[in-house]
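The values are calculated or read from the model by the stated rules, or taken from the named source; none is laboratory data. Treat the numbers as computed from the prediction; the structure is a model and nothing was measured. We place every Cβ from the backbone using ideal geometry, glycine too, and count neighbours over all the protein chains shown.
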Amino acid sequence: MDLGIRGKRALVCASSKGLGRGCAEALAAAGVDLVLNARGAAALAETAAAIRAAHGVTVTEVAADITTEAGRAAVLAAAGDVDILVTNAGGPPPGLWKDWDRDDFIRALDANMLTPIALMQACLPGMIGRGWGRVINITSASVKSPIGALGLSNTARTGLTGFVAGTARQVAGQGVTINNLLPGMHDTDRMVALDGAVVKAEGVTLDQARARRMAGIPAGRYGSAAEFGATCAFLASVHAGFIVGQNILLDGGAFNSTV
Ligand code: NAP
């Protein structure tokens, strides 16, 4: 399917690895020029070079912490006018409800709620002015079904979801759609870190930790960054203009519900 977005320009945050990279690769495959971001310059340069070589699109790299004001300013200055914004950042650390103080909550809110909101506030006026835009926020399955050990994520991402629900309906009439992608368990470094925490806490092997989690997923496996990215590219496409303010769960059926 031709996604109809060849020649558009996308900012994909936190995209040297994992789900962000999956989104960047799928957009590049559709002919979209990219601005990529991550903190680590070496992995970012490697990813940018691989995408240029594979897809022949223009790729600009900005090594910066997207959760800081200075980092966002640098990324937005390099990005200029973007048609497609994919927000993303690292997830908060695991822990228990009684562990966190105000500073922990502020850090999580900054990274996973206030950063995507600030990026939308920066990019939406240009999209509205040009009469076309797509915003896809990478959030988490924790928005639909809380994850016990990820209370900071549950909290921050639910706040973002509320902002998107209202804002998406305010900009849809001007050609701009905003939607959220909710990853369940995907085979990325983040998952290795979370499984590693289980290994440490419970003394099981990594294979045992993974097998136990996969047993709770009807698809029987973790998702891949490539299939996640393909969904993102479809949401960014010309075909998805009537999909507004949705929370799309990619979890292999793990969330058990009828609708
Ligand atoms: P990942 O494999 O660890 O990749 C994270 C990417 O983001 C890397 O490129 C990393 O590069 C970059 N990054 C992290 N913090 C950043 C920051 N402050 N500024 C700029 N770039 C940053 O993680 P992932 O699995 O793709 O997860 C992406 C998001 O989805 C996270 O918020 C995660 O919590 C959420 N999520 C993931 C899963 C899953 O199963 N994988 C499930 C639910 C939710 P640098 O470290 O070099 O900056």
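Here are the numbers for the structure shown:
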item	result
THR161, sole failed condition from (1) at pLDDT below 95; (2) in a helix (DSSP H, G or I); (3) not aliphatic (A, V, I, L, M)	(1)
Neighbours by Cβ (under 7 Å, 6+ apart or cross-chain): first from segment 236-259, of a type in the set (Phe, Trp, Tyr); second surrounded by 14 or more Cβ atoms within 10 Å (Cβ to Cβ) and in a loop (DSSP other than H, G, I, E, B)	PHE255/LYS144; PHE255/SER145
Filtered residues of segment 143-183 (kept if farther than 30 Å from GLY129 by Cα and crowded, with 23+ Cβ neighbours inside 10 Å)	LEU152, SER153, PRO183
Subset of segment 198-220 [of a type in the set (A, V, I, L, M), assigned to a loop (DSSP other than H, G, I, E, B) and within 23 Å of GLY95 (Cβ to Cβ)]	VAL204
Residue count, segment 43-74 (criterion: within 12 Å of the ligand (Cβ to nearest atom), of a type in the set (S, T, N, Q) and touching a strand residue (DSSP E or B) at 6+ places or on another chain (Cβ under 8 Å))	1
Filter result for GLY40 (crowded, with 16+ Cβ neighbours inside 10 Å and either away from the ligand (no atom under 16 Å from the Cβ) or not hydrophobic (A, V, I, L, M, F, W, C) (or both))	no
Extreme residue, farthest from PHE234 (Cα to Cα), among residues of segment 11-37 that are crowded, with 24+ Cβ neighbours inside 10 Å and of a type in the set (S, T, N, Q)	ASN37
Evaluation of ALA48 against (1) crowded, with 19+ Cβ neighbours inside 10 Å; (2) touching a residue at least 40 places away in the same chain (Cβ under 8 Å) (one fails), failing number	(2)
Within segment 28-120, strands (runs of 3 or more DSSP E) holding 2 or more residues that are under 24 Å from VAL164 (Cα atoms)	33-38, 84-87
The listed residue being within 13 Å of the ligand (Cβ to nearest atom) and at pLDDT 95 or above, out of ALA122, ALA149, ALA156, ALA168	ALA156
Residue list for segment 122-140, filter: surrounded by fewer than 23 Cβ atoms within 10 Å (Cβ to Cβ) and within 17 Å of the chain's Cα centre (by Cα)	CYS123
Filter result (touching a residue at least 40 places away in the same chain (Cβ under 8 Å), in a helix (DSSP H, G or I) and near the ligand (Cβ under 7 Å from one of its atoms)) within segment 176-194	ASP189, ARG190
Every residue from segment 184-213 that is surrounded by fewer than 19 Cβ atoms within 10 Å (Cβ to Cβ) and of a type outside the set (A, V, I, L, M)	ASP187, ASP189, ARG190, GLY196, LYS200, GLU202, GLY203, THR205, ASP207, GLN208, ARG212, ARG213
So ILE5, is it under 19 Å from the mean Cα position of the chain (by Cα) and at pLDDT 95 or above	no
Positions within segment 85-99 being closer than 19 Å to VAL143 by Cα and more than 20 Å from the chain's Cα centre (by Cα), in sequence order	GLY95, LEU96, TRP97
Pairs where the first residue, in segment 195-210, is without any contact (Cβ under 8 Å) to a residue 24 or more places away in the chain and farther than 17 Å from MET185 by Cβ and the second is aromatic (Phe, Trp, Tyr) and in a loop (DSSP other than H, G, I, E, B), C-beta under 9 Å, 6+ apart	none
